[in-house]
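The values are calculated or read from the model by the stated rules, or taken from the named source; none is laboratory data. Please read all numbers here as calculations on a predicted model, not as lab measurements. Cβ placement follows ideal geometry from the backbone for every residue including glycine, while neighbour counts extend to all protein chains displayed. Please note that ligands, DNA and RNA were not included when accessible areas were found on the heavy atoms of the full protein model with its side chains. Shrake-Rupley method; radii C 1.70, N 1.55, O 1.52, S 1.80 Å.
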Amino acid sequence: MTELETLKKWIEESSNIVFFGGAGVSTESGIPDFRSQDGLYNQEYDYPPEAIISHSFYIRNPKEFYRFYKNKMIFTEAQPNGAHLALVKLEEAGKLKAVITQNIDGLHQLAGSKEVLELHGSIHRNYCTRCGKFYGLDVIKEAADVPVCSCGGIIKPDVVLYEEGLDQEVLQKAVRYIRQADMLIVGGTSLTVYPAAGLIDDYQGEKLVLINKSATARDANADLVIASPIGQVFQECILEA
């Protein structure tokens, strides 16, 4: 039995699937990841990207933060790809219980997924750091440099920057879903960013599937490893099934 045939069989047999995904889920929609050869970390800037999207840099130099953020973190033209659509199909069939994502692009919701846990927040939610008022994405895009609330406070994206902790409520909900799952599909992530990557340790079943173009640090722990683009795999195993 091939890897794809095994994946299809396991999906058919399972009724409580959880999907955990990273940047590789969105690269097929034209959104670059950080660590690939042509990702953001391999481009040249005045400051390292990892430094720019840190909390301390945001506080110290918000104008430069927003210049980078608007140029390199917001992709409003991106559309869901086969991976996103396949997950919607599984959810509608009652098999998939939750999508847990490290991505901030909102493509899972745009595709139609209902239960999406955003570990690192979303570009589509922004809030005033003074009064707490929430704003959509337009206020960020339309600001000349640093977006400012009607009260005079700075508007911050509701995304988790480096040096910031994850939302504990979202994290605990993700852990509950993973512990209850009879199948955990991990896709498009190198599993190097913690604490998110550590979530797979909470899986207690025997159908841990890792789908990623390159090897991950946790391949040895998986029950099935597929070294291919996730959109391509899901197209064949789910959308065309």
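Summary table below
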read-out: Qualifying residue in the range 77-91 (condition: within 23 Å of Glu50 (Cβ to Cβ) and part of a helix (DSSP H, G or I)); value: no
read-out: The lone exception for Lys72 - which of (1) open to solvent by 10 Å² or more (accessible area, probe 1.4 Å); (2) modelled with pLDDT of 95 or more it fails; value: (2)
read-out: Condition check for Gly132: surrounded by fewer than 16 Cβ atoms within 10 Å (Cβ to Cβ) and without any contact (Cβ under 8 Å) to a residue 12 or more places away in the chain; value: yes
read-out: Among residues of the range 152-174, those that are open to solvent by less than 50 Å² (accessible area, probe 1.4 Å) and over 16 Å from the mean Cα position of the chain (by Cα), counted; value: 4
read-out: Unique residue being open to solvent by 20 Å² or more (accessible area, probe 1.4 Å), within 25 Å of Ala196 (Cα to Cα), at pLDDT 95 or above and in a helix (DSSP H, G or I) when the list is Ser56, Ser26, Ser15; value: Ser56
read-out: Selection count where residues are more than 25 Å from Tyr162 (Cβ to Cβ) and either under 20 Å from the mean Cα position of the chain (by Cα) or touching a residue at least 40 places away in the same chain (Cβ under 8 Å) (or both), scope the range 193-209; value: 4
